[in-house]
1. Give the residues of the stretch 71-86 that are in contact (Cβ under 8 Å) with a residue 24 or more places away in the chain and farther than 18 Å from L162 by Cα, sorted by residue number.
2. Assuming V19 fulfils every condition listed in (1) modelled with pLDDT of 95 or more; (2) farther than 25 Å from I109 by Cα; (3) of a type in the set (A, V, I, L, M, F, W, C) apart from one, which condition is it?
3. Out of all the residues in the stretch 3-26, which are touching a residue at least 40 places away in the same chain (Cβ under 8 Å) and either in contact with a Lys or Arg (Cβ under 7 Å, 6 or more places away or on another chain) or aromatic (F, W, Y) (or both)?
4. Look at A31 and say whether it is crowded, with 21+ Cβ neighbours inside 10 Å and among the small types (G, A, S).
Amino acid sequence: MSVTVRPATKTDVPAIATVLADAFFDDPVMAWMWPDEGRREHGLRRFFAAEARFHSVPVGGADIAERDGIVGGAALWAPPGAWKPSVWQSLRMWPRLAVALGTHPRVGIAFSAALDAVHPAEPHWYLSTLGSASHSRGGGFGGALLRSRLDRCDATHAPAYLESSKEVNIGYYERFGFEVTREIVIPRGGPTLWAMWRNPR
């Protein structure tokens, strides 16, 4: 069967958190935020669950990709003008993020501040997270998720923006029309990310 993409609801949050925790376990940013591998997966599940439940799902930006009823990929977007959580969303989200980060809350603050400082002002769709579970890699889940939302971007003439945390993924995003606009170096010994922008087609 082919991969199908649908909007996620709050009942999908556990599946989203599981898929993204798996997908980002070896990510340079997440390894920096959770240097202890024994605690990383648990922290990532809590982190992505909070992001999805209190920001992406409420603003209509969470998508999941399935095959045979099994969730293999997830994407967390934010629509134009809503890339940053509201004060209310932040208040609800932060206690859970603090628990997820454990003894390293400052790295989360440094990471967010560095990205926020260079975030584009022009209205756009913001892809904060895209990942496929290890059992689904190479199965077309990421591509299906990207095409689904980018088709809507093109239909409404809206640009899209993301930060790639792996240099090796730049070419993948370029195939979907994204272009690197700058490098973002995270302070406190953090990794480098690549900001990428896509004009509508």
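The values are calculated or read from the model by the stated rules, or taken from the named source; none is laboratory data. This structure is a prediction, so every number in the text was calculated from the model and none was measured. Cβ sites come from the backbone with ideal geometry, for glycine too, and all protein chains shown count toward neighbours.
1. Going through the stretch 71-86, the residues in contact (Cβ under 8 Å) with a residue 24 or more places away in the chain turn out to be 71-81, 83-85.
Across the stretch 71-86, the qualifying residues are V71, G72.
2. The failed condition is (2).
3. V3, K10, V13, T18, F24 - these are the residues of the stretch 3-26 that are touching a residue at least 40 places away in the same chain (Cβ under 8 Å) and either in contact with a Lys or Arg (Cβ under 7 Å, 6 or more places away or on another chain) or aromatic (F, W, Y) (or both).
4. Values: crowded, with 21+ Cβ neighbours inside 10 Å: no; among the small types (G, A, S): yes.
No: the conditions fail for A31.
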